[in-house]
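To keep things clear, I will list the structure first and then write my remarks on it.
The values are calculated or read from the model by the stated rules, or taken from the named source; none is laboratory data. Since this is a predicted model, take the numbers as computed values, not measurements. Every residue, glycine among them, receives a Cβ derived from its backbone with ideal geometry; neighbour counts consider all protein chains shown. Please note that ligands, DNA and RNA were not included when accessible areas were found on the heavy atoms of the full protein model with its side chains. Shrake-Rupley method; radii C 1.70, N 1.55, O 1.52, S 1.80 Å.
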Amino acid sequence: MTRRAVVKGVGHYLPARIVRNAEFEATLDTSDEWIKARSGIERRHFAAEGETTSDLATHAAKAALDHAGLAGSDIDAIILATSTADNTFPSAATMVQANIGNEHGYAFDVQAVCAGFVYALANANALIVSGQANRVLVIGAETFSRIMDWTDRSTCVLFGDGAGAVVLEGADGTGDAGDRGILATDLNSDGRFRDLLYVDGGVATQNTGVLRMQGKEVFRHAVEKLAQTAHTALDKVGLGADDVDWVVPHQANIRIIQSTAKKLGVDMDRVVVTVQDHGNTSAASIPLALSVGVANGQIKRGDLIVTEAIGGGLAWGAVVLRW
Ligand code: UT7
């Protein structure tokens, strides 16, 4: 018997305010056509004034718990992937813990920028298979609208706010690739590339700072590294592209998603795409896409899913799971 971390529920939350590309035309030398053609993004959601990452995360967490038929008090551990926690400390995860009425478990944030949810899933899996927790709430939540330079057209049109969550629960499997749950993970980072995508503030500067990105360079790394990590994760369980029902990629740019799918050998009709509606929501993008994919009937029980993501660090990785 092999211990597996199986998805019991999924949910998401998007702030009410929708910002369409055309809104940027009033203040920036940009256009709906450019943004759509170069990134695939048509609209994104922005949090309301005073609405924080832990607020978004709490809504998504409650939706995932409802979907799983569980209460906050049923959870052993909460892992929140975010680069935009409300405060430097305590973790946004502890805020969610209080908001969902969990008093006996433990909660912490994971910071791997856009790869954060993949990192959080891998860590939740490790907690479950090692017996340190049985039910783990894994959340990705971001308010990137708070770290934008609104004069930089090459970045501020790309990002959005949102949150998604899954509830994982331990179950006994047979140990083969037919099991439900997380089957393989692959995590990587390379700090030599830290200057390609970063926020120019923080504790060191005593201000929050804004996002800086060398888009073309990040694009180049993304196309190369995402297909590689997905292949590595699939190889670990002896599976190939033909076995994949759905690729659920980080939603940064439709051109990256298409190039990676092509390199992987998976047709676009087996890729969940939400970038047009959400923009790049960093660590929230994969759980948002999973939740949307389930809600619209694409992802079904038993489907083999590959998630892959890359972001600041650079940090990247993939998770193979059977839904
Ligand atoms: O989630 C973390 C990972 N992040 C990513 O994966 C993002 C990766 N990078 C990208 O998605 C793309 O590189 C971008 C969407 C950021 C940019 O697309 P690109 O095709 O690489 O464009 P570019 O940076 O080469 O810029 C082409 C031109 C430039 O003008 P010149 O130098 O050719 O005159 C830019 O100044 O487009 C210009 N440009 C814009 N024009 C209109 C840049 N931003 C804009 C804009 N509107 N918003």
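Full extension of the chain between residue 195 and residue 98 yields a length gain of 31.3 nm, computed as 0.36 nm times the residue separation minus the alpha carbon distance.
Net charge near residue 42, counting Lys/Arg +1 and Asp/Glu -1 over other residues with Cβ under 10 Å of its Cβ? Charge balance near residue 42 sits at +2. Once R0 is set to 25 Å, what does the formula 1/(1 + (r/R0)^6) return for the Cβ-Cβ distance between residue 150 and residue 220, expressed as a FRET efficiency to the nearest 0.05? Working from the Cβ atoms, E equals 0.40. A simple count of charges around residue 174, restricted to other residues whose Cβ falls under 11 Å of its Cβ and scoring Lys, Arg +1 and Asp, Glu -1, yields -1. Work through the residues other than residue 301 whose Cβ is under 12 Å from its Cβ and net out their charges, Lys, Arg +1 and Asp, Glu -1. Charge balance near residue 301 sits at +2. Reported value for the range 54-210: 140 Å³ per residue, from the convex hull of its C-alpha atoms.
Across all directions, the shadow cast by the convex hull of the range 181-322 built on its C-alpha atoms averages 8.9 square nanometres.
Per residue, the solvent-accessible area of the range 181-322 (1.4 Å probe, heavy atoms of protein chains only, all protein chains present) comes to 40 Å². The helix-only estimate of mean residue ellipticity at 222 nm for the chain, built from DSSP H runs of length n ≥ 4 each weighted as -39500 (n - 2.57), is -9000 deg cm²/dmol after division by the residue total.
With the whole protein complex present, residue 278 retains an accessible surface near 10 Å², based on a 1.4 Å probe.
Return the subset of 62/225; 62/262; 225/300; 36/263 for which the Cα-Cα distance in this structure is over 30 Å, preserving the input order. Exceeds cut-off: 62/225; 62/262.
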